[in-house]
């Protein structure tokens, strides 16, 4: 294979509202279930390719609503995480998984070292560079973005139901997460909200927070939404309305940057 993406498939990265006046930078690494034409189906069934192993259902829709409501910038990946998971560094085996939950991914197991490198070069690096360059340019202009990475998770994992509805995740920098959890648990609690669930740093899910947030001194948080809550437009709007208030109130209590 001489390359991964065809010219017709375009840029792997989408940037929306790049000139936003607000401080929020929303990043959605698992926005799409799309596969490059040259990879076919990766040996997977339509059922598998439409499931959560290929993308985070509802996450992009909620991200778009939040970017609009808070006048923030949104950067998202246009190809499936089965091709390359942009929330993982190149040295991680999970970046191109050969098994995802109960599904084996034949096209990843059969891939050569050169083919894997093509995925790094054409999927991950453009995404990393786009987010990093946005952060650096904003800081150079005297503005420090607030990084929010957006994800969704399946309500049943390996046959076990999950009761948590909203996860507030962080790595070493918990400034924003702490404030969000404090705000979310004051008064009437809208959702089952938990810190570093259903995943946490030990699961290797905080790469983006470290790469674009911690290293640049940005307040940062990863939001995980149980995907049955955001599978349709009504659910997406309800969740976006809730998160808009939670993020705005929490960000307002951060020290001036």
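The values are calculated or read from the model by the stated rules, or taken from the named source; none is laboratory data. Note that the coordinates shown come from a computational prediction; the quantities given were computed from them, not determined experimentally. Glycine also receives a Cβ, built like all others from the backbone with ideal geometry; neighbour counts cover every protein chain displayed.
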Enumerated strands (runs of 3 or more DSSP E) restricted to region 141-257, each holding at least 2 residues that are modelled with pLDDT of 95 or more and buried (at least 19 other Cβ atoms within 10 Å of the Cβ): 146-153, 166-169, 220-226
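Condition check ((1) without any contact (Cβ under 8 Å) to a residue 24 or more places away in the chain; (2) not in a loop (DSSP other than H, G, I, E, B)) across all residues:
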| site | (1), (2) |
| --- | --- |
| 75 | no, yes |
| 80 | no, no |
| 83 | no, no |
| 87 | no, no |
| 91 | yes, no |
| 111 | yes, no |
| 115 | no, yes |
| 118 | no, yes |
Selected residue (only one of 25, 4 is touching a strand residue (DSSP E or B) at 6+ places or on another chain (Cβ under 6 Å), in contact (Cβ under 8 Å) with a residue 60 or more places away in the chain and surrounded by 18 or more Cβ atoms within 10 Å (Cβ to Cβ)): 25
Unmet criterion (only one of (1) in a loop (DSSP other than H, G, I, E, B); (2) surrounded by fewer than 22 Cβ atoms within 10 Å (Cβ to Cβ); (3) at pLDDT 95 or above; (4) over 13 Å from the mean Cα position of the chain (by Cα)) for residue 68: (1)
Test set (1) in a loop (DSSP other than H, G, I, E, B); (2) at pLDDT 95 or above; (3) over 18 Å from residue 230 (Cβ atoms) - residue 57 fails condition number: (3)
Residue in region 32-55 that is in contact with a strand residue (DSSP E or B) (Cβ under 6 Å, 6 or more places away or on another chain) and surrounded by 24 or more Cβ atoms within 10 Å (Cβ to Cβ) present: no
